[in-house]
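See structure below.
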Amino acid sequence: MSEMLQYDFMRVALVMAVLIGLTAPAVGTFMVQRRLSLLGDGIGHIALTGIGLGLLTGASPVLGALAVSVLGAVAIELLRARSRSGGDVALALLFYGGLAGGVILTNANGGGSATLQSYLFGSISSVTAADLYVVAGLAAAVLAIIALFGRELFLLCQDEEVARAAGLPVRFLSVLIAATAAVTVVISMRAIGLLLVSALMIVPVAAAQQLARGFWGTMAAAMGIGVLSAVSGLAGSFEYDLPPGPSIVLLALAAFAAAVAGGSVVRRRRARAGAAGDAVPAGTGAEARVDAEAEVLGG
Amino acid sequence: MNRPASDTREEDAPEQAPPPFAMAGGTVRRDGREILAGVDLRVAAGEVLAILGPNGAGKSTLVKALLGLVPLSAGRTLIYGEPPARFRGWHRIGYVPQRLPLGGGVPATVREVVASGRVARRSRWLPALGAGRAADRAAVDRALRTVGLAERARDSAHLLSGGQQQRVLIARALAGEPDVLVLDEPTAGVDARNQAALAAALHDLAGAGRTVVLVAHELGPVEPLVTRTIELGHGRVVREAARETLGRTA
C-alpha cells in the first residue's frame, strides 16, 4: 500500500476510485429500482462515439464523452417515454451505432487498438490530476442531484403515475436521472472502462439489496461496497499487474456472492422473528403468488 | 345538495367552490377503440363514490382520466375547476393505483414508501427542517396507524402480503393528507381481514369529510360508506344510484 502511494498517478487514481465507488452505486440504486439496469451499458456504448469525436476534434475525450452521452441518455429517455415496443429497437440502434461509430472515429484518429482498449476496459496509469478535477466536480454534481431530488426520484422510480398524480415534473425527473447516469458513466470510464462501467452501478446495488430492508439503506450499503471494491480492485491491479476495471468488477461480484449467502441467513432469521410477531408469516407461497400476479398486471 | 347536473363551468359561479372532479363528455380512445365513450361525472366534496362495472368497462381508465393521467380525446375534465395540465393543488389529491408495484427492484421499508406520499406537500428546493420535518413524521405515523401497519414500519414492503401492500399504498396516499382519495380496486385480491382493515380506514376518512372515489368489482365491507354508485359498461355510465349510508354518522 505504501509503495503504491509513492506514485502520483496512483494517489490520483485512488481518490478517483473513492469517487467512483460512491457515485456509481448511488445512481445505480435508482436505475435498478426503475428496472433500467442495462441503461448504463447502453450509455457506455454511446459515450465511445463522444470519445472518438473528442479525439478527432482535438477537444478533450472526456468532454466529448460527456456531451455525447448526456445527449444520448436524454434521447433514450424520450424514446422510452414515447413507446414501449418501438423504444426497445430504437435503443438497440442507438447502442450499436454508438459503439461502431466510436470504434471508427477512434481509428480514424490513428488511435489504434491501444487507445481503444484503454477506454473500453479502463487504464489508470493514463489518469492525470486534471482528469481528477473534472471527475471530482462531476461526482459532486451527481451526489448533489441525488441529495436534492432524492425523494422525488424515489417516488418516480416506485410508480410513475403516482408521481404524476403528486404533481411531480415526471418528464424532467426522468431526463434528470438519465442524464445523471450518463455523467456517472463518464466519471467511471477512465478507471473501469466503458464496457464494464455499468457493472459498478448495478452489482453493488444487487449485493446491498440482499442485506438491507430499505431503499436508503440499500443505497448506503451499495456505496460502501462500491468504494470497497473500487479501492481494493485498484490496489490489486497495481499489485498484481492486472487491468483495473475487470479487477474492480470481479471484486464487486465477489461481494455480491457473499451478500447472497449472508442475506439468506439474515432473511431466515427475520422471517422467524416476523412469524413470532404476526399470524401471517412473510414469504409464504400464497403471497408469492399474489406478487407474481401483481407483476403480470403491472407489466 | 344543490348540484345542477349540467353545470360543470365553475368559473361562472365564483361563490360556489369548484368540486373535486367534473368531467363532461369524457372520451378516451386507444387503438381506435373507445374505452371511455362520453362520460359525464361530477364528484362533489364529501362524497364517497363507488365506480362499479365488469372487467374492461373502463373503470380504471375513468379514474386515470379524472386525474389527467390518461389524456382525453374528446370532452374535458376539471380538478377543482382546473384542467389537469394547469392544476397545481396536487397535494389535495391522493391516488392509490391498482397494481402492487412493490415487488422486486430495490427494497423499500414500509415507512419509506409511506413517507414518499409527503412529496407533494414539500417544497422541491428546500429540505424540510424543524417543524416541517416533525409535521412529515407525524403525518406518516398517523397514516400508518390508520391502516394498522405502525408495527411494520421498518419492514421491507415487498415482503408483506398482497393485502398489507395494498394498505401501504393507501397509507402513502393518506400521508399527503389529501382532501380527495382516489382508489383503484383497493379490495382486489385482498383477504377478508385486510378488507375489514381497509373499510375501517375509509370509514375514518369519510367520517372526516374527505371525498373518496373508489373503483370496485364488488363493494364488500366498504358498502355502508358509499354515498353514490355509478356503474360503467363499455365505457358509458349505465346506472347511477344514490345510497343511504351509515358512514356519514361517524
Practice problem: Rounded to the nearest 0.05, what FRET efficiency do A:LEU78 and A:VAL265 give with R0 = 30 Å and r taken as the Cβ-Cβ distance? Could you check? | Solution: 0.10
Practice problem: Calculate the length of the line joining the C-alpha centroid of the stretch A:124-139 to that of the stretch A:188-236, in whole Å. | Solution: 19
Quiz item: If you plug each phi of the stretch B:225-235 into the Karplus form 6.51 cos²θ - 1.76 cosθ + 1.60 with θ = phi - 60°, what whole-Hz ³J(HN,Hα) values come out, in order, with x for Gly and Pro?
Solution: 8, 6, 8, 7, 10, 10, 10, 9, x, 6, x
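If we count other beta carbons within 10 Å of each Cβ, what is the order of A:TYR119, B:TYR80, A:TYR96, A:TYR240, fewest first? Before the final figure, lay out the partial values.
Working: A:TYR119 25, B:TYR80 19, A:TYR96 13, A:TYR240 8.
Sorted ascending by nearby Cβ count, the order is A:TYR240, A:TYR96, B:TYR80, A:TYR119.
So how strong a dipole does the protein assembly as shown carry about its Cα centre when Lys and Arg Cβ are +1 and Asp and Glu Cβ are -1, to the nearest 20 debye? Show your work: numbers first, answer last.
Details: 50 positive and 43 negative charges, 121 e Å.
Using only the charged Cβ atoms, the result is roughly 580 debye.
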Quiz item: What percent of all Cα-Cα pairs in chain B falls in each 5 Å bin, counting up from 0?
Solution: 1, 6, 13, 17, 19, 17, 13, 8, 4, 1, 0
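Counting only helical runs of four or more DSSP H residues, what would the 222 nm mean residue ellipticity of chain B come to if each run contributes -39,500 (n - 2.57) and the total is spread over all its residues? Walk me through the numbers on the way to the answer.
Working: 5 runs with 61 residues, N = 250.
Dividing the helical sum by the residues of chain B leaves -7500 deg cm²/dmol.
Per DSSP H run of n ≥ 4, the term is -39500 (n - 2.57); total these for chain A, divide by its residue number, and report the mean residue ellipticity at 222 nm rounded to 500 deg cm²/dmol. Intermediate values should be presented prior to the final figure.
Values: 13 runs with 251 residues, N = 299.
So the helix-based figure for chain A works out to -28500 deg cm²/dmol.
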Quiz prompt | Cβ neighbours within 10 Å from other chains - mean over B:149-157 | solution = 3
Quiz item: Rounded, prolate or oblate: which fits chain A when a ≥ b ≥ c are the square roots of the eigenvalues of the alpha-carbon gyration tensor, with rounded for a/c under 1.5 and prolate only if a/b beats b/c?
Solution: oblate
Quiz item: Which whole number gives the average count of other chain Cβ atoms within 10 Å of the Cβ atoms across peptide B:62-69?
Solution: 2
Practice problem: Multiply the residue separation of A:GLU3 and A:VAL15 by 0.36 nm, subtract the distance between their alpha-carbon atoms, and state the gained length in nm to one decimal. | Solution: 2.7 nm
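Over the stretch B:105-178, what per residue volume does the convex hull of the Cα atoms give, in whole Å³?
Looking at the stretch B:105-178, the number lands at 91 Å³ per residue.
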Quiz item: How many nm separate the modelled label positions at A:ALA254 and B:ALA200, each set 7 Å beyond the Cα in the direction of the Cβ?
Solution: 5.2
Quiz item: What does the charge dipole of chain A about its Cα centre add up to, to the nearest 20 debye, if the Cβ of each Lys and Arg holds +1 and the Cβ of each Asp and Glu holds -1?
Solution: 500
Quiz prompt | Relative contact order %, the stretch B:105-178, counting alpha carbon pairs below 8 Å whose residues are six or more apart | solution = 53
Quiz item: Stokes-Einstein at 10 °C, 1.306 mPa s, Kirkwood radius from Cα pairs: D for the protein assembly as shown in µm² s⁻¹?
Solution: 63
Exercise. Determine, for A:PHE238, A:PHE121, the number of other Cβ atoms within 10 Å of each Cβ, and report the residues in order from fewest to most.
Key: A:PHE121, A:PHE238
Self-check item: Partner chain coverage, peptide A:210-216 - average Cβ within 10 angstrom
Solution: 6
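At most 16 other Cβ atoms within 10 Å plus a DSSP loop assignment makes a site exposed; report the longest stretch of chain B without any exposed GluC sites (Glu not before Pro). If you can, show how the numbers build up before the last one.
Values: sites that count: B:GLU15, B:GLU218, B:GLU244.
It runs B:16-217.
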Practice problem: Classify the stretch A:1-133 as rounded, prolate or oblate from the Cα gyration tensor: take a ≥ b ≥ c as the square roots of its eigenvalues, call it rounded if a/c is under 1.5, otherwise prolate when a/b beats b/c and oblate if not. | Solution: oblate
Exercise. Find which of A:VAL142, A:VAL183, B:VAL190 sits farthest along the positive direction of the dipole of the protein assembly as shown, computed with +1 on the beta-carbon of Lys and Arg, -1 on that of Asp and Glu, about the Cα centre.
Key: B:VAL190
Quiz item: Put +1 on the Cβ of every Lys and Arg and -1 on every Asp and Glu Cβ in the protein assembly as shown; which of B:PHE21, A:VAL89, A:ALA108 then has its Cα farthest towards the positive end of the dipole?
Solution: B:PHE21
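When a footprinting reagent is the concern and you count Cβ atoms within 10 Å, what order do B:LYS64, B:LYS59 take, fewest first?
Working: B:LYS64 23, B:LYS59 26.
By the 10 Å Cβ count, ascending, the order reads B:LYS64, B:LYS59.
Quick note: the coordinates plus some simple rules give every number you see, no bench work behind them. This structure is a prediction, so every number in the text was calculated from the model and none was measured. No Cβ is skipped: glycine too gets one built from the backbone with ideal geometry, and neighbour counts run over all protein chains shown.
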